[in-house]
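Some notes on the structure that comes next.
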Amino acid sequence: MPSTPSLQNNSNNGKNAARLRNQANQKKYSNPLPILINSSNSSDKNSSTLKSSIINSYIPSFSNLNKKEIINLPNCIGTFDNITRSIWIEDEKSKLILFNRGFFGKGNLSRSEPSWKQRKLDLLKGGSTLAAEQMREARRQARKQFKIDRAAAMLNAAKQAEAILTSSTKASTSTDLNNFSSSPLSQDNLEEYIGEEGELEIDDQRRSNSPTPSTSTTITATTEDTIIDPMKLTAQTFLIRPTRPDSNRNRGKKAFRRRPPPSQVPLPTTTESTSLTSNSTAISQLPPIVPLTASKEEEEEEEEEEEDLFDESLVEDMEHLQLSLEEALFLSLGLGVLKVFDPISQTYIPNGPSLLSLLLTPSTSPFSNTLSTKTPMLPDDPLLVSYIAYHHFRSLGWVVKDGIKFCCDWLLYRKGPAFSHSAFACIVIPVYEDLEEKEISPYGNQDWYEEKLSWKWINTIMRVNALVQKTVIAVYVTIPSLKSFDSSLKFENGYLNPEKIDFKKLLQRYTVREVSLTRFGPSRRRD
Amino acid sequence: MSISPPSFLLPYLEKYPIQAGALLTTIYDLTLSVGWIDTRIMELGGWVVLIGHKNKSDPLRAIIPIPIHTTCLKPSSLKSIFNQLKITLINDLPKPFENLSPTINDLKNQIIQKNSSQSNLIKNDDDNISEKQNQKEEEEDEIILDKETIYTSIVTPDSTVVYYKISKGIKKPSDIPDE
């Protein structure tokens, strides 16, 4: 008897839990950026000024009359790490601000939100591990069973087709024996089929909630009702595809809403974690089977007792929030909420050209890189090109995250990873304004520029993303030529001097064009 | 956690600058998040690799940490790595490095020592676990080194780590992925 809650048994509870979780997330992640804009003259009286702030939001001129608009700029601190070329946020307050307001950064030991300490504490407390592992084992078994069923179904269908074909040819000609003997393969299939079917039946009895209908019964139904034309028989005629245990049965109507992992315990496996994952909240502890309820309640009580005794400081938090260089650039030079500390010089780097030159792609090995404002800058620096795309989409309101899991550069989320899957996968394609410079430049002929212009690459990406129902967007970033910059802005060797160039003006010289790509098959007649 | 890497890593980080960032991130991810044990660093075929396993019953496997933007791992490098792996014996492997953070069992023991009078429940569970572990260790003393497959871990600057399994030649993927 399965002891894990299933969606069917628990549908109402599951929906309630999902709605509550969504509401909690809406509250938690309500600010899209670390900057808060308060149109009230004191931040304490938030509730009383609710009405006036609603009026203010509709008629902004009112707000300027009496009250000042306060832009709340938090001060977040991060440390630059040269080895991983990223910014580490270790201050708890900064971690919360940066992740909750805009989903910046990623916990370095977690899948997104830094939750390592909580997961470890939950493991220590004992109860949750078993549930998570049991669920994972159950899903694994279901997937394995599905694969066995699928293989059996295909064999079965092929066998049926063969049988019909041979019986029809038997009727028309008298050379049926020849047919049988000329297909030794079908004999082998027959033996295999019998073996598989034997297994299937046993398995059917063993499993209480099988994801597939028993293939043999449904196939006979087909042969009785419909007229099979032997000429048009294929191996797939009788094939009834078993459904995957984890599949979305709504076929895109209610596109897969990813249940965000409860802030305590995310599942370590696939992203399709539905309400099966929540094992730390009280709601989820409603099992469908009554006899288990009593024992689980006891467990809960025991856990509560343990919690009282539990010293959370036993687990030292080894995790930090890690920002990629593009995110750090956006937060520091773009928004001005981040201050970066350089461990080598032991100083805070002012938000300006010195920070920019620290983050630019180094030309030598990381260990010999010292803080120097004279680091030359090239307009086709991969960091700058990738940053242009990041800045562009962030400014439009998208939550932009790294896309390595889907073979692309950036993933775009409408609200954030906690709310739904990303709809778009962006690949950044650099386009040189001046092709001669491409040849000279140290980055011009590197693979990460060259291969992006090849159809082989784009086809691979399209295939990967088509499977996960994401639209691929090719983002063409035009790189300005070095020649177009005034010589006063450059060093003697022709490279740009970051000290003399205004960052905003530099960004304005790049252009971004987006092209969305979808696969088209002329024989399928789909839009 | 301070930002400076553990001292035993420093020589490797200097010697292999391309893999440095990836090595650091992968070590943290493997030992602290995925939960690998008996992890050790080794040099194979001109690259630095990590060898370890998740459970004592799994064979020891090699992981090559790689940053995302590199094409240095060419087929010839892979060949030399595989060749060197073939001739490596288990006894040649270096000793595992110390844990970066106390394991679950260590912490449980700590709790027991702290709350010896009140924690009857925890003690019982822990006794069971330690008994099971002792049995396991007695049964499976032989550790195997998997020489047919290596993993690569690809690391991005925002600390996402993606693992890929490389086998020699064409091999059908198994139904149940290994941890």
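Just so it is clear, none of the values below were taken in a lab; they were calculated from the coordinates. Quick caveat: nothing in here was measured; it's all calculated off a predicted structure. Here Cβ is always computed from backbone atoms with ideal geometry, including for glycine, and neighbour counts include all displayed protein chains.
Taking each residue of A:77-84 in turn, how many C-beta atoms of other protein chains fall within 10 Å of its C-beta, and what is the average?
Average per residue, whole number: 5.
Residues with amide H under 5 Å of residue A:426's amide H, sequence separation 5 or more or different chain, H placed in the peptide plane at 1.01 Å from N; which?
HN-HN under 5 Å from residue A:426: A:409, A:410, A:411, A:412, A:473.
For peptide A:100-113, what's the mean number of Cβ atoms from other chains within 10 Å of each residue's Cβ?
That works out to 3 on average.
Given segment A:362-517, what count of lysine pairs have C-alpha atoms under 20 Å apart, with each pair 8 or more places apart or on different chains?
Lysine pair count for segment A:362-517: 24.
In what sequence do A:391, B:69 fall when counting other Cβ within 10 Å, fewest first? Write down the numbers at each step before the final one.
Numbers: A:391 20, B:69 14.
So the residues, fewest neighbours to most, are B:69, A:391.
Give me B:147, A:15 sorted ascending by neighbouring Cβ count inside 10 Å, so fewest comes first.
A:15, B:147
Using the per-residue mean of other Cβ atoms lying within 10 Å as a proxy for protection, in what order, highest first, do the peptides B:23-34, B:158-169 fall?
B:23-34, B:158-169
Cut-off is 10 Å between beta-carbons; in what order do A:457, A:88 appear when sorted fewest neighbours first?
Numbers: A:457 16, A:88 21.
Fewest-to-most Cβ neighbours within 10 Å comes out as A:457, A:88.
Give me a single rounded figure for B:18-28: the average over its residues of other chain Cβ atoms within 10 Å of their Cβ. Walk me through the intermediate numbers first.
Details: counts 2, 0, 7, 7, 2, 2, 4, 6, 0, 0, 7.
Mean partner-chain Cβ count within 10 Å for B:18-28: 3.
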